[in-house]
Amino acid sequence: MTMKSSRDAQPVIVTVSTPEDGPPPGLEPIADQARIVHTTDAEALRGAIGEADILMVTDFRTTIVRDAWAGAAKVQWVHATSAGVDAILFPELVDSDVPVTNARGIFDRPIAEYVLGLILAYAKDLPHTLDLQRAHHWKHRDTERIEGRQVLVVGAGSIGRAIARMLNAAGMQVTGVARHAREQDADFRAVHAVESLPGLLAEADYVVVATPLTPQTRGLFDREAFGCMKPSARFINIGRGPIVKTADLLEALRAEAIAGAALDVFEQEPLPADHPLWDTPGVIVSAHMAGDFLGWREALSAQFIDNFQRWRRGEPLQNIVDKRRGYVPVKE
């Protein structure tokens, strides 16, 4: 899609972030090319959106864009500084001609590193080692190897591919699940359609969720899915929390139907302090941080600036989301 050039005028960029995060850092290089207005709440956004040519949404959970959208008379482009865009794909935006872009590519390798770290933590029993250290208890154990273990990555987009490449390098056998099957794939042993998920779950030592949240993936991992997994299997979710039915996951863990779950995302975030997942054996909890590395906010701004320059020149934008599907389609 080619946008109308705004090179002859100074466009207005309205950023949407949380009060805690504040304005996105790293936009100084375009301060003389656009007027940048920072908003952190619904009232401020409603006051600014009428002037906006571009929305830069840094709060991936926000609902205030939808609340203010009726006043978005001039908006030509919405950019999300996240891989997942489910929170901003409300019907009015989906049905409009306004393109949505995302941060595809920024978080791929950091998340892949995080997944490898979690797999190693399980295989080498690092949580127990830390518990023993705190107790000053010397206890020798044998640990697992990861070479040759079967990994099922649910979601074969750019993040899933980065995970597959890293786990392949570690000697693991990686299979993918996507919307459609692919006969050949450079990063996966095979990519199967989601309809094949039950049989694939039965073979996996590790199941990694890297798919975006869409109507099709919401609640994908439920009692039936966990019932297909091996009792020795570990489950890792770095996608979105609502892809998993938390009550069914807890039931599977308590019944030892699966061996563990490493969760970076949750149906409710932040995870309440009294939630049973915190104390469930075999569970590793992290605070939606799998892709966040030192300097990630500046990297997101640099990516936005590159796309902004394309927009100014009337060139096609990168990372255009298919608003009906909810993600950037993979070029096959």
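Residue check, P329 against (1) modelled with pLDDT of 95 or more; (2) outside any strand (DSSP E or B), all met but one. Which one?
If we test P329 against (1) modelled with pLDDT of 95 or more; (2) outside any strand (DSSP E or B), just (1) comes out false.
Working only within the range 175-219, note down all residues that are in contact (Cβ under 8 Å) with a residue 24 or more places away in the chain and either in contact with an Asp or Glu (Cβ under 6 Å, 6 or more places away or on another chain) or among the hydroxyl-bearing types (S, T, Y) (or both).
T175, V191, Y206, T211, L213, T214, T217
Surrounded by fewer than 18 Cβ atoms within 10 Å (Cβ to Cβ) and either at pLDDT 95 or above or outside any loop (DSSP other than H, G, I, E, B) (or both), is that true of S96?
So S96 passes the test.
Being in contact with a helix residue (DSSP H, G or I) (Cβ under 7 Å, 6 or more places away or on another chain), of a type in the set (A, V, I, L, M) and either loosely packed, with under 15 Cβ neighbours inside 10 Å or outside any strand (DSSP E or B) (or both) is the filter here, so list the residues in the range 259-276 that pass it.
Selection gives V265, L271.
Given the structure, is A112 under 22 Å from the mean Cα position of the chain (by Cα) and either in a loop (DSSP other than H, G, I, E, B) or not assigned by TED's automatic domain parsing to the domain that holds M166 (or both)?
It is false that A112 is under 22 Å from the mean Cα position of the chain (by Cα) and either in a loop (DSSP other than H, G, I, E, B) or not assigned by TED's automatic domain parsing to the domain that holds M166 (or both).
From E203, E183, E147, which residue is modelled with pLDDT under 95 and not hydrophobic (A, V, I, L, M, F, W, C)?
When all the criteria are applied, what remains is E183.
The values are calculated or read from the model by the stated rules, or taken from the named source; none is laboratory data. Remember, it's a predicted structure, so these values are computed and weren't measured experimentally. We place every Cβ from the backbone using ideal geometry, glycine too, and count neighbours over all the protein chains shown.
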